[in-house]
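The values are calculated or read from the model by the stated rules, or taken from the named source; none is laboratory data. Nothing here was measured: the structure is a model prediction, and the numbers come from that model. Cβ placement follows ideal geometry from the backbone for every residue including glycine, while neighbour counts extend to all protein chains displayed. Accessible surface is based on the protein model in full, side chains and every heavy atom, while ligands, DNA and RNA are left aside. Shrake-Rupley method; radii C 1.70, N 1.55, O 1.52, S 1.80 Å.
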Amino acid sequence: MEIISIVNQKGGVAKTTTTLNLGSCLVQLGKKVLLLDLDSQANLTKSIEVKEEKKKNIHHLLIKEAAIDEVICNTNINNLDIICSDMGLSNFEGELAEVIDKELMLKQSLAKISEYDYILIDCSPSLNLLTINALVASTSLLIPLEPSVFGLEGLAQLINVLKLVIKKFNSKLKVKGVLLTRVDSRSTIPQMFRNQLKDIFDKKLFETMIHQSVSVVKSQMNREPLSTYDKLSRSYKEYLQLAEEVIKRG
Ligand SMILES: Nc1ncnc2c1ncn2[C@@H]1O[C@H](COP(=O)(O)OP(=O)(O)OP(=O)(O)O)[C@@H](O)[C@H]1O
Ligand SMILES: [Mg+2]
């Protein structure tokens, strides 16, 4: 089982969009996938319908007020499940101030799960305790990036946190890859960034790029991944290609 955190402390780089659509495309390729919303904004939770809502969510699981089967919800898509989030998660950091091993809470919470091929964790736009928990629990991380100068600025900080997590908590953590998202096909700027990123990240840069598209926005308004909303869309094909790359990278 692989656990992949989708991380970038910059807001709006398509972490949530990528978690949902990579997850549903992995399902299309025969995998069993659990999505985990680790953001108190709960955008992922609002992006997909569940068969039956549960009273408890990731917050209760983390503070040990719920067992794992009390928080996993089935979606309308076979083999795609989700652990939801809500505003309550924003108190997490304060609640755990005094707790020893507070960086290990998520890893401990997920220890009993084994029936999935992939768990994808949607992180918040912050390098807070929740994101550290995600990195400690993960086998790898995927970094979505927007092709802009400001998009690159936070990377050094992210890499520092990553080094710290690898050194202190999780020596096996790998970078699965860097993904260019929200690419404007009319502009030549993304290609310039791609070349620059290729120099920095080499093989870690995914071949797949995700372009800006209205079908992404429309599918979100419909609370559906692209795999059920519009299989003919370019974005669906791009996310499917990303899923193939993720599987290949093993
Ligand atoms: N390929 C795309 N084409 C068009 N719009 C997109 C695309 N990907 C994401 N968006 C839009 O960009 C916005 C941000 O996307 P998303 O919520 O996935 O980013 P995020 O990194 O999770 O944000 P946050 O940091 O707030 O959690 C959303 O309004 C989404 O609809
Ligand atoms: Mg998000």
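Structure values in brief
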item	result
Residue list for region 53-66, filter: surrounded by fewer than 14 Cβ atoms within 10 Å (Cβ to Cβ) and within 11 Å of residue 82 (Cα to Cα)	53
Complete set of residues in region 148-183 that are among the small types (Gly, Ala, Ser) and more than 19 Å from residue 17 (Cβ to Cβ)	156, 171
Residue that is farthest from ligand 2 (Cβ to nearest atom) [pool: residues in region 6-29 that are under 12 Å from residue 80 (Cβ atoms) and either modelled with pLDDT under 95 or not aliphatic (A, V, I, L, M) (or both)]	28
Filtered residues of region 1-28 (kept if within 12 Å of ligand 1 (Cβ to nearest atom) and open to solvent by 20 Å² or more (accessible area, probe 1.4 Å))	9, 10, 11, 12, 16, 17
Residue count for region 114-135, restricted to those that are of a type outside the set (Asp, Glu) and not in a helix (DSSP H, G or I)	12
Region 203-230 - residue that is more than 19 Å from residue 149 (Cα to Cα) and away from ligand 1 (no atom under 16 Å from the Cβ) and, of those, surrounded by the most Cβ atoms within 10 Å (Cβ to Cβ)	228
Sole exception among (1) within 16 Å of ligand 1 (Cβ to nearest atom); (2) more than 24 Å from residue 171 (Cα to Cα); (3) open to solvent by 30 Å² or more (accessible area, probe 1.4 Å) for residue 31, by number	(1)
Hits in region 99-144 (condition: within 14 Å of ligand 2 (Cβ to nearest atom) and open to solvent by less than 20 Å² (accessible area, probe 1.4 Å))	120, 121, 122, 123, 124, 130, 131, 134, 142, 143, 144
Matching helices (runs of 4 or more DSSP H) fully within region 159-250 where at least 1 residues are closer than 22 Å to residue 46 by Cα and away from ligand 2 (no atom under 16 Å from the Cβ)	214-221, 226-229, 234-249
Verdict on residue 70 being open to solvent by 40 Å² or more (accessible area, probe 1.4 Å) and either within 20 Å of the chain's Cα centre (by Cα) or modelled with pLDDT of 95 or more (or both)	yes
Criterion: of a type in the set (A, V, I, L, M) and at pLDDT 95 or above - qualifying residue of 82, 63, 100	82
Residue that is surrounded by the most Cβ atoms within 10 Å (Cβ to Cβ), among those in region 34-46 that are touching a residue at least 60 places away in the same chain (Cβ under 8 Å), near ligand 2 (Cβ under 10 Å from one of its atoms) and under 13 Å from the mean Cα position of the chain (by Cα)	37
Matching residues in region 100-128 - criterion: being in contact with a Lys or Arg (Cβ under 8 Å, 6 or more places away or on another chain) and within 16 Å of ligand 1 (Cβ to nearest atom)	122, 123, 125
